[in-house]
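Asker: Have a look at this one before I ask anything.
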Amino acid sequence: MELRIHNLSKTYANGVRALNGVSLTIPNGMFGLLGPNGAGKSSLMRTIATLQEPDAGTITLGNIDVLTEKDAVRQVLGYLPQEFGLYPSISAEVLLDHFASLKGIRDGHERKLAVEALLQQTNLWAARKKNLGGYSGGMRQRFGIAVALLGSPQLIIVDEPTAGLDPTERNRFLDLLSEIGENVVVILSTHIVEDVTELCSNMAIIAGGEVVATGQPADVIGELRGKVYRTKTEKAALAQLKSEYEVISSKLVGGQPVVRVFSETPINRIFQPAEATLEDVYFHRLSRRQKPVVTA
């Protein structure tokens, strides 16, 4: 099943233009939607998930018109929003059974099997009788994906799923997403470049409500290959470097700034060639945008 988005636009009542002519083709597998906070990612996710209407454009999922056949979409959709509420005094097993019933799994035995399988898959079986109020952030996220997986969805949307997770929980959650993404369309919306680099076979960068790059990560990175240089510098010299070169990023390594710059022509002096990364592309694309980033 393939998701096709064509010329999608959305302006909110307060005048904020959250989406501006977004077009994407998303095949089966993990698809990374990368962008800064306020880029329009959540607006796009909510629109695909039938939670809001666009002003213009079309979305199709296979043969389903997402904008006019909302019930059909919801039958094959699993959605994990950035923020979601849970009943803290109910166990994971009981609440997941309740959600399974709401999802349309009426047969008690079938529902029991589905709940057990999902708790096993999300590594929550040992904590199935524990109240959700006692779950860690990572456990809550894994429970959220268990809810999203009810009914064997063909399209799964996860919005900023690893934000705030510790490294162990982040790796566990990414492994789970990777396993899920083998046979269905999974859209991973995030501002964390590493999540997309490690997981996704296809991706897009969105900023200011517009798609500014799309393709396979290796191909997207290829546009900067041979054009990235790095150097260590002193804090006092950082402003001068930024005035002389097109700086992609700078960060402290061992207390000393390390600067990465873009150049179409070879530069030597204090610089050394650097292997281009997806993070370089991300910051390069964002720095070249003239339009302000919108809040979505």
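The values are calculated or read from the model by the stated rules, or taken from the named source; none is laboratory data. Because the structure is predicted, anything quoted here is derived from the model rather than measured. In this analysis, Cβ positions are derived from the backbone assuming ideal geometry, glycine residues included, and neighbour counts consider all displayed protein chains. Keep in mind that these areas ignore ligands, DNA and RNA; they rest on the heavy atoms of the full protein, side chains included. Shrake-Rupley method; radii C 1.70, N 1.55, O 1.52, S 1.80 Å.
Asker: Scan the stretch 152-174 residue by residue and report those that are open to solvent by 40 Å² or more (accessible area, probe 1.4 Å) and under 24 Å from E2 (Cβ atoms).
Answerer: To start, the set of residues in the stretch 152-174 that are open to solvent by 40 Å² or more (accessible area, probe 1.4 Å) comprises 152, 154, 163-164, 166-168, 170-172.
S152, Q154, listed by residue number.
Asker: Confirm whether R269 is out of contact with any Leu (no Cβ under 8 Å at 6 or more places or on another chain) and surrounded by 17 or more Cβ atoms within 10 Å (Cβ to Cβ).
Answerer: Details: out of contact with any Leu (no Cβ under 8 Å at 6 or more places or on another chain): yes; surrounded by 17 or more Cβ atoms within 10 Å (Cβ to Cβ): no.
The answer is no for R269.
Asker: Could I ask something else about it? Please return the ranges of helices (runs of 4 or more DSSP H) entirely within the stretch 12-106 where 2 or more residues are touching a Ser or Thr at 6+ places or on another chain (Cβ under 6 Å) and open to solvent by less than 50 Å² (accessible area, probe 1.4 Å).
Answerer: On the way: elements: 41-48, 70-75, 92-102.
Passing ranges, in order: 41-48, 70-75.
Asker: If you don't mind, another one. Out of (1) among the acidic types (D, E); (2) touching a Phe, Trp or Tyr at 6+ places or on another chain (Cβ under 6 Å); (3) loosely packed, with under 12 Cβ neighbours inside 10 Å, what's the single condition that is false for E246?
Answerer: (3)
Asker: Looking at this structure, is K232 over 23 Å from P36 (Cβ atoms), loosely packed, with under 13 Cβ neighbours inside 10 Å and not hydrophobic (A, V, I, L, M, F, W, C)?
Answerer: Details: over 23 Å from P36 (Cβ atoms): yes; loosely packed, with under 13 Cβ neighbours inside 10 Å: yes; not hydrophobic (A, V, I, L, M, F, W, C): yes.
So K232 passes the test.
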